[in-house]
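The values are calculated or read from the model by the stated rules, or taken from the named source; none is laboratory data. The structure presented is a predicted model; accordingly, all values stated were derived computationally and were not measured. Here the Cβ positions follow ideal geometry from the backbone for every residue, glycine too, while neighbour counts run over all protein chains shown.
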Amino acid sequence: MDKEEREQLESNLLNVVFASKDLTDSDAAALERELKRDPNNTEAHLSLFGYHTRTKNKVKLRPIVVREILWIIENLGTVSAPHMLSTLATRLRPKEFAIARERWLALIEQHSENANVAGNAGYFIIWFDYETGERQLRQAGRLDPGDIRWSSRYAQFSLFEFRYCADIFKEEFAKKTIAAALHSLSIEPIGSISHFAHLEIAECALFLNDLDLVGYSAEQLSYDSYGPLIQYSNCLYGLIAVRTGNIKDASEYLLKLDKGFIWQTCVRWLAEELLAAGERKSVAMAIQNLTSARKIRKAIGTKWLQQVKDGEKPSFEDLPGNWY
């Protein structure tokens, strides 16, 4: 199956799942009857999967959801569409996840040279078993090095680990994230995935204090027409400035909020580093601007301004901010 055929199949499968939002309880019952007649009816399985994963969590429906997840793994694991299962891994109980994990590993044994199987398995397993999931995503990348899906997903999960792991492991995951994101950019230098790659690179490069790499991603993001990405780029330039002792330029970058103008994580980072360098005026102005534009609730903005005035560190944790 070539790439075009695979993508068409994936699209068809996902369309069935998305169409399930219009199903009723009686439709679902009819599909169950159809499965008794034809246990391998792909459309019926996908429709029930989509229908039951969209309904509110009901204990009596849980076995059906798990049944459909296992069926999709065993019958569609060789194509890419099972990535739709990935986030559902987080909703499985430990015993259910263990069963699904074993089904994936059995499929890997049967299709040891299939990048889709390795990648789909890794994307699912990595939520609760990072080591095994990482190994499979890396294997998928080796089997099909020109497919951006595997490196981009590996970068995504490495970034999650970087954010939430113990401090002793942060450098390791920062380097893994950057390597995977750079590989994605070598495959697709322009496009939606490239935006995420530069955001991933910038965040981890800031941690490593690799300012050349931060500057590279800041420049690439600045070419975008999407306001929040331009603002993110400005903040990256501001962080480079503050870390090289140029407080004046850093302050100006903080106040360049006209194109993005939302409370972002990178705005918080820049504000925190300016405060640590003793610069309070521009931080207060940025808070005032964002509060006036209703990007920060008035009560929070007023509180932060008072904290800045009193020489305290604002409680930015009150509002974590958008990543971009």
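Going by what's in this entry, would G301 be described as within 29 Å of the chain's Cα centre (by Cα), buried (at least 21 other Cβ atoms within 10 Å of the Cβ), within 20 Å of D210 (Cα to Cα) and not aliphatic (A, V, I, L, M)?
no
Can you spot a residue in the stretch 37-52 that is over 26 Å from the mean Cα position of the chain (by Cα), over 27 Å from E102 (Cβ atoms) and at pLDDT 90 or above?
yes
So that you can scan it fast, the table gives a plain yes or no per residue for (1) polar (S, T, N, Q); (2) modelled with pLDDT of 95 or more; (3) under 23 Å from I230 (Cβ atoms); (4) surrounded by 19 or more Cβ atoms within 10 Å (Cβ to Cβ):
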{"site": "V267", "(1), (2), (3), (4)": "no, no, yes, yes"}
{"site": "T291", "(1), (2), (3), (4)": "yes, no, yes, yes"}
{"site": "R294", "(1), (2), (3), (4)": "no, no, yes, no"}
{"site": "K313", "(1), (2), (3), (4)": "no, no, no, no"}
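For residues in the stretch 206-257 being at pLDDT 95 or above and among the charged types (D, E, K, R), which is surrounded by the fewest Cβ atoms within 10 Å (Cβ to Cβ)?
Among residues in the stretch 206-257 that are at pLDDT 95 or above and among the charged types (D, E, K, R), the one surrounded by the fewest Cβ atoms within 10 Å (Cβ to Cβ) is D212.
Of everything in the stretch 237-282 that's in contact with a strand residue (DSSP E or B) (Cβ under 8 Å, 6 or more places away or on another chain) and outside any helix (DSSP H, G or I), which residue is nearest to G215 (Cα to Cα)?
Ranking the candidates gives Q264 first.
If I filter the stretch 176-186 for residues that are surrounded by fewer than 22 Cβ atoms within 10 Å (Cβ to Cβ), under 18 Å from W323 (Cβ atoms) and touching a residue at least 24 places away in the same chain (Cβ under 8 Å), do I get at least one hit?
The answer is no; no qualifying residue exists.
Yes/no per residue for (1) modelled with pLDDT of 95 or more; (2) part of a helix (DSSP H, G or I); (3) among the β-branched types (V, I, T); (4) touching a Lys or Arg at 6+ places or on another chain (Cβ under 9 Å):
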| position | (1), (2), (3), (4) |
| --- | --- |
| G119 | no, yes, no, yes |
| R135 | yes, yes, no, no |
| Q139 | yes, yes, no, no |
| R149 | no, yes, no, no |
| S152 | no, yes, no, no |
| F162 | yes, yes, no, yes |
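Answer yes if at least one residue in the stretch 143-160 is at positive phi, without any contact (Cβ under 8 Å) to a residue 40 or more places away in the chain and not hydroxyl-bearing (S, T, Y), and no otherwise.
Looking for residues that are at positive phi, without any contact (Cβ under 8 Å) to a residue 40 or more places away in the chain and not hydroxyl-bearing (S, T, Y), one finds none in the stretch 143-160, hence no.
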